[in-house]
Amino acid sequence: MEAPVIALDDVTLSLDGNAGRVEILKGISLSVPKGETLGLVGPSGSGKSSLLMVMGGLEMATSGSVSVLGRNITHLGEDDLARFRRDNMGVVFQSFHLIPTMTALENVATPLELAGRRDAFERAEAELASVGLGDRVHHYPAQMSGGEQQRVALARASAPRPAVLLADEPTGNLDGATGEAIMKLLFDLRDRHGSTLVLVTHSHELSKRCDRIIRLRDGSLDGDADEKVEAAE
């Protein structure tokens, strides 16, 4: 059997808050096979985004282990983690996180340049065209709508051809029609690059498109961790 792309074993996450130590994740164990689209769902504060961040090495687990593409990232240093993400992962956030002083083309090309890609700008331009922004490459984020900015963010995440795509509420700041367009693009990018996709969402429509969903409540898996979407109505 092929090894999972992502594997978590008894992962906990605790953070210091104003009221003391807070348990965010409590003994999470799960695996994500290659090519799967996994939806993380649950009420606000259930730990969905924290779980996604742990998978991407953006939050370090307090205990347990996190393996991605066969590599244990639990104790990697910050520089090694950054390089690992750069080479293997694409991350899309709800708030876009574009650099305001850079054009769309520069926002997409800069991470490729940092990775040493000689074709950074050519690939960035092609990726922007693939998300319908071929005529907006020289525009700055402030000159774009929210939907256009999220398209830039999708292009930036997918341009390195990542094995793993992580998306945290990718349609959360968008209206219904724009969100629908972004959902289609996200799944098109997954199909085109053969990525394994993990996404956090409150959207019932978006979760229905996933192969499987994980429900969280109060930092723990809520019920069957292998719940198929057909049963998640």
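The values are calculated or read from the model by the stated rules, or taken from the named source; none is laboratory data. Please read these numbers as outputs of a predicted model, since none were measured by experiment. Glycine also receives a Cβ, built like all others from the backbone with ideal geometry; neighbour counts cover every protein chain displayed. Please note that ligands, DNA and RNA were not included when accessible areas were found on the heavy atoms of the full protein model with its side chains. Shrake-Rupley method; radii C 1.70, N 1.55, O 1.52, S 1.80 Å.
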Quick check on this structure: which one of GLU125, GLU148 is surrounded by 14 or more Cβ atoms within 10 Å (Cβ to Cβ), modelled with pLDDT of 95 or more and acidic (Asp, Glu)?
GLU125
All-but-one check, GLY42 against (1) at pLDDT 95 or above; (2) open to solvent by less than 40 Å² (accessible area, probe 1.4 Å); (3) of a type outside the set (D, E, K, R), failing number (1)
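Of the residues in the stretch 58-80, how many are outside any loop (DSSP other than H, G, I, E, B) and surrounded by fewer than 16 Cβ atoms within 10 Å (Cβ to Cβ)?
Initial filter on the stretch 58-80 (outside any loop (DSSP other than H, G, I, E, B)): 63-68, 71-72, 78-80.
Cutting the leftovers down to surrounded by fewer than 16 Cβ atoms within 10 Å (Cβ to Cβ) gives us 63, 65, 71-72, 78-80.
Number satisfying all stated conditions: 7.
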Within the stretch 121-160, how many residues are assigned to a helix (DSSP H, G or I) and of a type in the set (A, V, I, L, M)?
10
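Just to be sure before I move on: is VAL54 open to solvent by less than 30 Å² (accessible area, probe 1.4 Å) and part of a strand (DSSP E or B) in the structure I sent? Steps first, answer last, please.
Numbers: open to solvent by less than 30 Å² (accessible area, probe 1.4 Å): yes; part of a strand (DSSP E or B): no.
Criteria not met by VAL54.
What residue, among those in the stretch 183-210 that are of a type in the set (Ser, Thr, Tyr) and open to solvent by less than 10 Å² (accessible area, probe 1.4 Å), is nearest to PRO43 (Cα to Cα)?
Initially, the stretch 183-210 is screened for residues of a type in the set (Ser, Thr, Tyr), giving 195-196, 201, 203, 207.
After this cut, where a residue has to be open to solvent by less than 10 Å² (accessible area, probe 1.4 Å) as well, the list is 195-196, 201.
Working: SER195: 27, THR196: 24, THR201: 10 Å.
Checked the stretch 183-210; the qualifying residue nearest to PRO43 (Cα to Cα) is THR201.
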Testing ARG86 on (1) modelled with pLDDT under 95; (2) surrounded by fewer than 14 Cβ atoms within 10 Å (Cβ to Cβ), one condition comes back false. Which one is that?
(2)
Name the residues in the stretch 82-108 that are within 25 Å of VAL68 (Cα to Cα), without any contact (Cβ under 8 Å) to a residue 40 or more places away in the chain and not aromatic (Phe, Trp, Tyr), would you?
ALA82, ARG83, ARG85
The stretch 94-120, subset over 20 Å from MET144 (Cβ atoms) and assigned to a loop (DSSP other than H, G, I, E, B), residue most open to solvent (accessible area, probe 1.4 Å)
ARG118
Any residue in the stretch 9-32 that is hydrophobic (A, V, I, L, M, F, W, C) and in contact with a Phe, Trp or Tyr (Cβ under 9 Å, 6 or more places away or on another chain)?
no
crowded, with 23+ Cβ neighbours inside 10 Å, part of a strand (DSSP E or B) and not aromatic (Phe, Trp, Tyr) - does that describe any residue in the stretch 166-182?
yes
Select from the stretch 1-21 the residues that are in a strand (DSSP E or B) and more than 15 Å from VAL54 (Cβ to Cβ) and write down the one among them that is farthest from the chain's Cα centre (by Cα).
GLY20
